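Read the structure below first, then the notes.
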Amino acid sequence: MDMDHSLREMGVGDLSVGKKVRKMSEVFYGACKGYRDAMAVDSDDVPHELSGALRRNVLGKDASDEAVKALMKYTLKTNNQLFAYSVKDILAGKLELPDITEDITEEVS
């Protein structure tokens, strides 16, 4: 509903809203599948596969290797940290995510 309203405010016509929402959903679920598939490979290949998915879906093909590596490290760190929480804690909002600036600073410096 919110996406529908936002698209209409951006000037998308009534007949195009459904098509735009469908396209955005396809992009979102495609990216999710890419991340899931990257994390499901043999553990030695996860960094390579995840870096590729992040480059395609987040940073773009022209992103520096350092930027991709920093985001990949942050993503893996966040994934590992989330598994340490119970569903109850997550639903209650009782979690902390890693500081992304640490990973970015390490790679850039």
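Points to keep in mind about this one:
- 3 or more residues of a type in the set (Phe, Trp, Tyr): qualifying helices (runs of 4 or more DSSP H) within the range 1-107: 14-40
- TYR35 vs. criteria surrounded by 12 or more Cβ atoms within 10 Å (Cβ to Cβ) and hydroxyl-bearing (Ser, Thr, Tyr): yes
- Checklist (1) in contact (Cβ under 8 Å) with a residue 24 or more places away in the chain; (2) hydrophobic (A, V, I, L, M, F, W, C); (3) surrounded by fewer than 16 Cβ atoms within 10 Å (Cβ to Cβ) applied to MET3, failing item: (1)
- Search result, residues across the range 91-109 that are among the hydrophobic types (A, V, I, L, M, F, W, C) and modelled with pLDDT under 90: LEU95, LEU97, ILE100, ILE104, VAL108
- Check on ARG55, at pLDDT 90 or above, at negative phi and of a type in the set (Lys, Arg): yes
The values are calculated or read from the model by the stated rules, or taken from the named source; none is laboratory data. What you are looking at is a predicted structure, and each value in this text was computed from that prediction instead of being measured. Quick reminder, even Gly has a Cβ in these numbers, built from the backbone with ideal geometry, and neighbours come from all protein chains shown.
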